Amino acid sequence: MDKKLKKGLSLLDVFCIATGAMISSGLFILPGLAFAKAGPAVLLSYVIAGFLTIPTLLSMAELTTAMPKAGGDYFYIMRGFGPLFGTIAGFSSWFSLSLKGAFALIGMGAYLSIITDLPLSIVALLCCLFFVFLNLIGVREAGRFQVVLVLGILVALFAYIVWGMKSVEVSKFTPFFSEGLGSVMATASFVFISYGGLNKVVALAEETRNPARNLPLGMILSILVVVTLYALVIFVAIGVSDTEGLKQDLTPISNSAGIFGGSIFKIIISVAAFFAFISTANAGIMTASRYPLSMSRDKILPASFQRVSSRFKTPYVSIVLTGAFMILAILFLKLELLVKVASSLLIILFIFANLTVILFRESKISSYRPKFRSSYYPYMQVFGVLSGGFLLIEMGSFTVFLTIAFIFLGFIWYKIYVQKRASQDSALIHVLERLVAKDRELNSEDLLVELKDIVFQRDDLVKDKFHHVIEEAQVLDLEEVLSARVFFKETSDVFAKETGLKSQNLFEKFIWREEASSTVIKEGLAIPHIFVEKKGIFKIILVRAKAGIVFPGDKVVHTAFVLVGSSGERVLHLKILAAIAQITQSPNFDKMWKEAKNGQELKSVVLLAERKREVR
């Protein structure tokens, strides 16, 4: 069965999924409760909370452009910290997003009561089943539905801002800090969940077209639009409402719309709020369902979660299970407290996103190739970690206790199920190796190979003849100074074992070739190459000589590509020589070649280099 997911999401889809996930309870329910905590300065609380997401936004953008895979933050935390933290991160993301989606469905009740008398539970369940069906038939269809919803909501909110500005009474913002300066930061922590949509969109990275461009741009545009909307809409709501009544109002935006726009406009905004909750619920199922899929691929959950519909290319088992979990939450759980736990879990995930960027940067893994790099590293990431810790403390001791309890349950699952099944190399191991184990290998090459393969999938790179020759190549990582004759003797012995040719004959050919014309093409780089009569041979050895190889004329070589090919393969021989020349002229080649930790990384430096892929 084909387990590849369909790439159906555009930049507009990414923007609308992130925006739709953020414009719901954060805008249509929380402002009244937040106003009770901070007074008019609640405007500043929303802006501060949005500002504090910037480090994580940049870190997520970097990580998802390096690893655009289903599972988003779980996937890169797993690769950064290993299976234990990956297990906790996966369940944290899955549950928090599912609960937020369920909360959105229940949140519709406050607005539905304005329009209809239908029972809330029936509407919520029907909506949940509808979204499960929608996501089963395709991410593109679900994405298109999200675009229609979000664009409609944005139009309604724009009308609310333009119309409402005329009725704003500036006197209602005095005193601005009516509840004190301390309440501003505490309220920023309270409303931080309003920006939780960022980690939803990264879960769909594998299904996004051109993720290197569309993911960062879509996320940045979304946060700018949402922060601006929050500030302007709440400004209008405060400026036109009775301030005492606003503190108890669970439908502040629609009620304020009725003040200056009448009952018809109040209903229009109520419908927009209803669609906003639908949008959040749809995004919740769409994104949360990708976590069990990704966790199953890493053996954290059973293999059945990997099943992908052959017709629609959607992970139907994960979607159905996520929908069932949301239904149970709607029917049986007290969501107010659980949403607080979900918020704290999201903050922890944001902290880990910043830490993961630091791990990958400091690991110096050559196949870590993000298309987008976070600015002001590592200061931006350190700020993200510290601000996340501050917000977590502001959540309150009981919420933090419940979060720790949840993490402990994740640890139990790791010990019972995951530990004996999952084995994942991580950037943390590579960092530890650089710090304390330079003389011995602690890490496997799994992560290096996986990241390299992700880059090929992300950039649709052709695995041409040159690629396969390099993958099959032997690597010599030499520590001591060698003469050219000793060096050619060693490489001839290696080629003899691979081709069945005599080592002495190969050695003599290399010596003759070097005497006829030097193969040192620039300072520190040589490409010795010979032809043999035996058919069907084309072999290469990659060489890094840390202390140097002394070629004739006292030319010291630190990098060598040694080729042996059949005389009938001259065209291929010339094309591969040209590819090597192009790769070694890259400005970063020498630095990356020198810093590579092992043979697999040396190969990755060559395989991932930018070049014309025309060798077939």
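Please go through the range 506-537 and pick out each residue that is of a type in the set (A, V, I, L, M) and under 13 Å from Leu577 (Cβ atoms).
Of all residues in the range 506-537, those of a type in the set (A, V, I, L, M) come to 506, 511, 516, 520-521, 525-527, 530, 532, 537.
Within the range 506-537, Ile521, Leu525, Ala526, Ile527, Ile530 meet the criteria.
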Among (1) modelled with pLDDT of 85 or more; (2) buried (at least 21 other Cβ atoms within 10 Å of the Cβ), Glu169 falls short only on (2)
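Is it fair to say Ile540 is in contact with a Leu (Cβ under 6 Å, 6 or more places away or on another chain) and modelled with pLDDT of 90 or more?
Numbers: in contact with a Leu (Cβ under 6 Å, 6 or more places away or on another chain): yes; modelled with pLDDT of 90 or more: yes.
In short, yes.
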Determine if the range 427-447 includes at least one residue that is assigned to a helix (DSSP H, G or I), surrounded by fewer than 16 Cβ atoms within 10 Å (Cβ to Cβ), modelled with pLDDT of 75 or more and not acidic (Asp, Glu). no
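Quick one: in the range 172-195, which of the residues that are aliphatic (A, V, I, L, M) and assigned to a helix (DSSP H, G or I) is surrounded by the most Cβ atoms within 10 Å (Cβ to Cβ)?
Filtering the range 172-195 for residues aliphatic (A, V, I, L, M) gives 181, 184-186, 188, 191, 193.
Remaining after also requiring assigned to a helix (DSSP H, G or I): 184-186, 188, 193.
On the way: Val184: 21, Met185: 18, Ala186: 17, Ala188: 25, Ile193: 23.
Restricting to residues being aliphatic (A, V, I, L, M) and assigned to a helix (DSSP H, G or I), the top hit is Ala188.
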Residues of the range 67-85 being hydrophobic (A, V, I, L, M, F, W, C), buried (at least 24 other Cβ atoms within 10 Å of the Cβ) and assigned to a helix (DSSP H, G or I), in sequence order, are Phe75, Ile77, Met78
Residues of the range 506-525 being of a type in the set (D, E, K, R) and part of a helix (DSSP H, G or I), in sequence order, are Glu508, Lys509, Arg513, Glu514, Glu515
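Mind checking whether some residue in the range 330-344 is in contact with a helix residue (DSSP H, G or I) (Cβ under 8 Å, 6 or more places away or on another chain), of a type in the set (A, V, I, L, M, F, W, C), at pLDDT 80 or above and surrounded by 14 or more Cβ atoms within 10 Å (Cβ to Cβ)?
The answer is no; no qualifying residue exists.
Hey, among Phe360, Phe383, which residue is part of a helix (DSSP H, G or I), more than 17 Å from Leu63 (Cα to Cα), in the same structural domain as Thr399 (by TED's automatic domain parsing) and among the aromatic types (Phe, Trp, Tyr)? Give the derivation first.
On the way: Phe360 fails: more than 17 Å from Leu63 (Cα to Cα).
Answer to the check: Phe383.
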Those helices (runs of 4 or more DSSP H) lying entirely in the range 211-312 with at least 3 residues among the aliphatic types (A, V, I, L, M): 211-240, 252-288
Going through Ile153, Ile88 one at a time, which residue ends up being surrounded by 23 or more Cβ atoms within 10 Å (Cβ to Cβ), within 20 Å of the chain's Cα centre (by Cα) and modelled with pLDDT of 75 or more? Ile88
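To keep it simple, each residue is scored yes or no on (1) out of contact with any Lys or Arg (no Cβ under 9 Å at 6 or more places or on another chain); (2) surrounded by fewer than 13 Cβ atoms within 10 Å (Cβ to Cβ).
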site: Phe466; (1), (2): no, no
site: Gln474; (1), (2): no, no
site: Glu479; (1), (2): no, yes
site: Leu482; (1), (2): yes, no
site: Ser492; (1), (2): no, no
site: Phe495; (1), (2): no, no
site: Leu501; (1), (2): no, no
Does Tyr414 meet the test of being hydroxyl-bearing (Ser, Thr, Tyr), surrounded by 15 or more Cβ atoms within 10 Å (Cβ to Cβ) and assigned to a helix (DSSP H, G or I)? yes
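The values are calculated or read from the model by the stated rules, or taken from the named source; none is laboratory data. Remember, it's a predicted structure, so these values are computed and weren't measured experimentally. Reconstructed Cβ throughout: ideal geometry from the backbone, glycine too, with neighbour counts over all protein chains shown.
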